[in-house]
Amino acid sequence: MERLRKLWRGRTMTFGVPLLVDPALKEKLKQNTVTLESEYEKLEKSDLDNWENIRGPRLWEDSRTVQKQQREALRLKTE
């Protein structure tokens, strides 16, 4: 176990391994096709005018009780 710790903290793991992994990382980044323009197009397609504000529970509130109250209010609203 001590040998493993020394290897992990050694120069090989600190400086050598990142250099070996670097080309693989560059290839992975090249495959990433998400661009700013594509994300902007997704936002344009979404309907931002019709949304509903849903309040989450406060730190001192129990999330289950808040959810129960929200469901009850929604049920009464639809009736």
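So in the range 22-51, with the set limited to residues that are of a type in the set (Lys, Arg) and modelled with pLDDT of 85 or more, which one is most open to solvent (accessible area, probe 1.4 Å)? I'd like the intermediate steps shown before the answer.
The initial filter retains those residues of the range 22-51 that are of a type in the set (Lys, Arg), namely 26, 28, 30, 42, 45.
The next check asks that each one be modelled with pLDDT of 85 or more; those that pass are 42, 45.
Numbers: Lys42: 127, Lys45: 173 Å².
Applying the filter and picking the extreme gives Lys45.
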Could you list all residues from the range 52-69 that are surrounded by 10 or more Cβ atoms within 10 Å (Cβ to Cβ) and of a type in the set (S, T, N, Q)?
Ser63, Thr65, Gln67, Gln69
Which members of the range 1-58 meet the condition of being more than 30 Å from Leu74 (Cβ to Cβ) and assigned to a loop (DSSP other than H, G, I, E, B)?
Met1, Gly10, Asn32, Thr33, Val34, Thr35
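The values are calculated or read from the model by the stated rules, or taken from the named source; none is laboratory data. Since the structure is predicted, the reported quantities are computational estimates derived from the model, not experimental observations. Cβ sites come from the backbone with ideal geometry, for glycine too, and all protein chains shown count toward neighbours. Accessible surface areas use protein heavy atoms only, side chains included; no ligands, DNA or RNA. Shrake-Rupley method; radii C 1.70, N 1.55, O 1.52, S 1.80 Å.
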